[in-house]
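What follows is a set of notes on a single structure, which appears directly below.
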Amino acid sequence: MLAGGGKARKRWNSFSEQLQEKNYRINCHLTQYQGHAVELARQVAGEGIKRIYVFGGDGTLNEVLNGIIKSDCLIDPEVELVFLGAGSSCDVEKMFPEKLELIDRIGSKRSYLIDVCKIACRNDQGNPIVRYFLANSSIGVISQSVEYFNQKRVFMSFLKRLNIDVAAIYAGLINVFQFGNFNAEIVIDNTERLDRELKNITIFKCSYFGGGMNYGVESGYDDGKLHVALINKMGRLRLLSYIPSLYTGRVLKKKRAEYHQANDVIVNLKKGNVVIETDGEIIGYPPCEYSLLPGFIKIIV
């Protein structure tokens, strides 16, 4: 219940009162540590629970998603997710045209059949891992900023409680001055090979990230595509000038930005290591390969 800088716990207390007023039975499990939601989701899906409710942020939803998938298949093909967004940004919700009030999602039968993104990469011990995500994944200054944003620092927690966009901007500014550029080879659909010196690469289904930032691309939860945004090499001052365009959705119109669409994307770094984030969680390191599981799972938002 640490989503939203700790605000999720307060939101849960208020929401649980609404559940009781509606005479809903509450059988909830509070997550205690990173990865706990993966374990809980795997357990309940294995027990035949067909509908799993996720109260929290994108990171909690991401863990639940990874708990109910094994070897690119749902543990139970009939399982569906109900996302009760209570985190910092809840970017996953922004993919959908109409969102119900949280209490109305409990009994709703209106679900969306959505694509799921898959990434194969390396963990911090160098071992191969596979993770799944719904919204976006970044490598570069954004992932480094997410890592800083997620650190349990007193000042960051204060900023998150104050204003989530302010906290995101602060984490970004810190990394504007700390993070440089990196050399990468990007292979798109095994046909197009790009050698780039990058500031950041994002693979996404949802154009929104970090709360109010936006790539300005009309992407769909079921469009069967991976969207690829590249921010090429630049200095610190130029990068600072790009920040406003991240909030207006015009960053990909900038000279040093590129946009591609793909079914499969491979990213190899030529030297060094840069963390990978998926849906706001740090998961590992390149080399990595992104692919898509189209029309994979039903979700209610």
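Only the coordinates and a few stated rules stand behind these numbers; no lab work does. Since we're looking at a predicted model, the values are computed, not measured. Neighbour counts are summed over all protein chains in view; Cβ atoms, including those assigned to glycine, are modelled from backbone coordinates with ideal geometry.
Using helices alone, I'd like the mean residue ellipticity at 222 nm for the chain: each DSSP H run of four-plus residues gives -39500 (n - 2.57), total over residue count, nearest 500.
Per the formula, -8500 deg cm²/dmol.
Relative to the longest principal axis of the chain, what angle (0 to 90°, nearest 10) does the C-alpha long axis of helix 7-21 take?
Rounded to the nearest ten degrees, it is 30.
Principal axis extents for segment 3-116, Cα atoms only, whole Å, descending order, please.
Principal-axis extents of the Cα atoms in segment 3-116, largest first: 38, 31, 28 Å.
Which whole-number percentage describes the relative contact order of the chain, with Cα contacts under 8 Å and a sequence gap of 6 or more?
Relative contact order for the chain comes out at 23 percent.
Rounded, prolate or oblate: pick one for segment 118-296, where a ≥ b ≥ c are the square roots of the eigenvalues of its C-alpha gyration tensor, a/c under 1.5 means rounded, and failing that, prolate if a/b is larger than b/c, else oblate. Each step should come with its number before you reach the end.
On the way: a/c = 1.34, a/b = 1.29, b/c = 1.05.
Taking the square roots of the gyration eigenvalues as a ≥ b ≥ c, segment 118-296 is rounded.
Tell me the Rg and the Dmax, in Å, that the Cα atoms of the chain produce.
Final numbers for Rg and Dmax: 18.8, 58 Å.
Mind running the shape call on segment 196-266? Use the C-alpha gyration tensor, a ≥ b ≥ c as the square roots of the eigenvalues: rounded below 1.5 for a/c, prolate if a/b tops b/c, oblate otherwise.
Because a/c hits 1.5 or more and a/b fails to exceed b/c, segment 196-266 counts as oblate.
Under 13 Å from the Cβ of PRO244, count the other residues' Cβ atoms, weight Lys and Arg +1, Asp and Glu -1, and hand me the total.
Net of charged neighbours comes to +3.
How about the chain: what cysteines have no other cysteine beta carbon under 4.7 Å from their own?
So, CYS28, CYS73, CYS90, CYS117, CYS206.
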